[in-house]
Amino acid sequence: MFELIQKLFGKEAQGSKNIAKERLRFVLVHDRVNVSPQYMEAIKDDMIKVISNYMDINENEMEVNLTRSNTQVALVANIPVNRMKRTNLPSE
Amino acid sequence: MGEVIVITSGKGGVGKTTTTANLGTGIALQGKKVVLVDADIGLRNLDVVMGLENRIVYDLVDVTEGNCRLKQALIRDKRYETLYLLPAAQTRDKNAVSPDQMQQLCKDLAEEFDYVIIDCPAGIEQGFKNAIAGADRAIIVTTPEVSAVRDADRIIGLLESEGKHNPRLIINRIRPLMVKKGDMMDIDDIIEILAVDLIGIIPEDEYIVISTNRGEPAVANNSAMASTAYRNIVRRVMGENVPLMTFETNESLWGKFKKVLGF
């Protein structure tokens, strides 16, 4: 009954466009994942740069991938660590 | 040297051909020399939308295969002094032309014309690759629907990987009342998702159907909303700064009543 009243006065209408936007956003993350290997390489290179400030890593064995499930897309990185760089710990 | 602009979308039925016809006619009405190229080989339609279907002798494939000279295949639109059409072949398929041939063709046309406007086929295969090969810039047509926006995004990615940067976007068939009700994605929503620059918006308008029935581009002679919208885009394509049109939605009496009541 309450719903009906809401409907009558148009309050329920958050509008289907928000559903459209949300679905599009998600589907485009999936679509864009396929776009280019160079893109993934660029991410990988930047990650190496940052992480190398803190530890020695095995760049050859490093894996960076986008994985997808039904509900989300995740960036998964598997980075073998050779040695920690104790001296470069950020001091605050 | 003229400018080569490809009109593309990914999805079919969003208004590429109508947009090509109206932009081309609109630019010609500004006194510029324009040629429209139908790159949809095997499914030609720009000729009927332009009302020039009875005047075709040679087509694009005849030109690339050397069966005729380029000038012989160009149809001059008698209504607009500076407007020409290069029709697609109807009995061939998209593999009858290569990207290299299209590049050469565009180059030749750009020497003669101020604007070369290419109507790209739907899809992302050979026909698409041919159509964009010789283009200096791209205009993407989409509608406020999930499927059309998704395909537009794909096209933007493909254009990027072919070195065609900064495409411009036309959002076609907007229904202001539905937007107002929150039942249709708005301009800002789509721009935010696609992250490209807008070059124009076109409201859904019955006059487009009528003008297509007649084979007379809407941009030429009407006060219809879509005609004005196309004229605005024409000016922007030619480098002018024109503000986006706003739609007045005739609010219902009940709507006003609700507002007064504070709902």
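One line per residue, one yes/no per condition, for (1) at negative phi; (2) modelled with pLDDT under 85; (3) within 14 Å of another protein chain (Cβ to nearest Cβ):
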residue	(1), (2), (3)
A:Glu3	yes, yes, no
A:Asn18	yes, no, yes
A:Lys21	yes, no, yes
A:Tyr39	yes, yes, yes
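I'd like the full set of residues that are under 27 Å from B:Gly157 (Cβ atoms) and at pLDDT below 85, limited to the range A:58-86.
A:Asn65, A:Leu66, A:Thr67, A:Arg68, A:Ser69, A:Asn70, A:Thr71, A:Gln72, A:Val73, A:Ala74
Mind checking whether some residue in the range B:202-210 is within 14 Å of chain A (Cβ to nearest Cβ), of a type in the set (Asp, Glu) and within 25 Å of A:Arg25 (Cα to Cα)?
No, the range B:202-210 contains no residue that is within 14 Å of chain A (Cβ to nearest Cβ), of a type in the set (Asp, Glu) and within 25 Å of A:Arg25 (Cα to Cα).
Filter the range B:188-201 down to residues that are surrounded by fewer than 16 Cβ atoms within 10 Å (Cβ to Cβ) and β-branched (Val, Ile, Thr), then give me how many there are.
Residues meeting the conditions: 1.
Can you spot a residue in the range B:68-83 that is buried (at least 24 other Cβ atoms within 10 Å of the Cβ), in contact (Cβ under 8 Å) with a residue 12 or more places away in the chain, in contact with a strand residue (DSSP E or B) (Cβ under 8 Å, 6 or more places away or on another chain) and assigned to a loop (DSSP other than H, G, I, E, B)?
No: zero hits.
Taking the condition over 17 Å from the mean Cα position of the chain (by Cα), more than 14 Å from every other protein chain (Cβ to nearest Cβ) and modelled with pLDDT under 90, does A:Met55 pass?
Here the answer is no, as A:Met55 does not meet what is asked.
Starting from the range B:196-210, take each residue that is within 16 Å of B:Arg235 (Cβ to Cβ) and list its partners that are of a type in the set (D, E, K, R) and part of a strand (DSSP E or B), counting only C-beta distances under 6 angstrom and pairs at least six apart or across chains.
B:Asp197/B:Arg168; B:Ile199/B:Arg168
How many residues are among the small types (Gly, Ala, Ser) and either under 21 Å from B:Ala226 (Cα atoms) or facing chain A (nearest Cβ under 10 Å) (or both) when one looks only at the range B:153-200?
Residues that pass the stated criteria total 4.
The values are calculated or read from the model by the stated rules, or taken from the named source; none is laboratory data. Computed from a predicted structure; not experimentally measured. Ideal geometry is used to build each Cβ from the backbone, glycine not excepted, and the neighbour counts take in all protein chains shown.
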